[in-house]
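In what follows, a structure is listed as structure tokens, so that the remarks can point back to it.
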Amino acid sequence: MSKRTNTSSLSSITYKSDTTFSFTSLTPAALPHTTFDVQFHFSPCATFDSLPHFHTHYTEYLYVSLGSIQLTLDGISSTITPSSGEIPIPAWTPHRWEVLGGTETIVLERTVPRDGCKEAFFRNFVCLINDYGSIPKVPMLQAFRVFAEWDNYPAPEGNWARQNARGDGGANEYAGEDWWLGGLQGPV
């Protein structure tokens, strides 16, 4: 495949046939002073797994406005619903969220700082999956390029990234003002 699908003029894109990603600023009634950048709308038959990952440059916030998701944050899993409120996910925190199906679900995401990376990541990664037909068919190097370009790094489950980011003497600690983890530089 030589050319990616261009979605820059679209306010939403479809993943599979049962999930829509929307890229307009949204302010839910329950959080009137908060603007989200991406909305995920899952039909009742949809399932979704973000797979374990972390971000190095920003704190991510999730808000479930309808339905529920299973969130694993720093190795601890819980069910998140609208009554859970907005969930902060600090930089370097491994996390994963899943839609298990059975009910219509809407999830909103935003980042601080608000820099457009969230939208760019989903536009590129979802189009890559859609263009190749499924995740297993996506060329690995293209997928990792998208991850690295928009601050979304695959990770094992658990809290290994934050432990090493805190300088707890792990194998990835660098003696000095900065440390390195898999080629990613971060502050002590």
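The values are calculated or read from the model by the stated rules, or taken from the named source; none is laboratory data. From a predicted model like this one, the values you see are computed outputs, not experimental measurements. Cβ: placed from backbone, ideal geometry, glycine included. Neighbour counts: every protein chain shown.
For the range 33-52, a residue qualifies if it is surrounded by fewer than 17 Cβ atoms within 10 Å (Cβ to Cβ) and assigned to a strand (DSSP E or B), and exactly one does: ASP49. Among residues of the range 53-75 that are farther than 23 Å from ALA143 by Cβ and touching a residue at least 40 places away in the same chain (Cβ under 8 Å), those with a Cβ under 6 angstrom from a residue that is buried (at least 18 other Cβ atoms within 10 Å of the Cβ) and among the charged types (D, E, K, R), sequence gap 6+ or separate chain, pair up as TYR61/ARG110. Of all residues in the range 58-88, exactly one satisfies the criterion of being part of a loop (DSSP other than H, G, I, E, B), among the polar types (S, T, N, Q) and buried (at least 18 other Cβ atoms within 10 Å of the Cβ), namely SER68.
Considering every residue within the range 23-32, establish whether at least one is surrounded by fewer than 18 Cβ atoms within 10 Å (Cβ to Cβ), farther than 22 Å from SER84 by Cβ, of a type in the set (A, V, I, L, M, F, W, C) and at pLDDT 90 or above. So far as the range 23-32 goes, no, none of its residues is surrounded by fewer than 18 Cβ atoms within 10 Å (Cβ to Cβ), farther than 22 Å from SER84 by Cβ, of a type in the set (A, V, I, L, M, F, W, C) and at pLDDT 90 or above. So, ALA91, is that one surrounded by 20 or more Cβ atoms within 10 Å (Cβ to Cβ) and either of a type outside the set (Phe, Trp, Tyr) or in contact (Cβ under 8 Å) with a residue 12 or more places away in the chain (or both) or not? For ALA91, the condition - surrounded by 20 or more Cβ atoms within 10 Å (Cβ to Cβ) and either of a type outside the set (Phe, Trp, Tyr) or in contact (Cβ under 8 Å) with a residue 12 or more places away in the chain (or both) - is not met.
Candidates are the residues of the range 133-165 that are buried (at least 18 other Cβ atoms within 10 Å of the Cβ), in a helix (DSSP H, G or I) and under 17 Å from the mean Cα position of the chain (by Cα); the one that is modelled with the highest pLDDT is VAL146.
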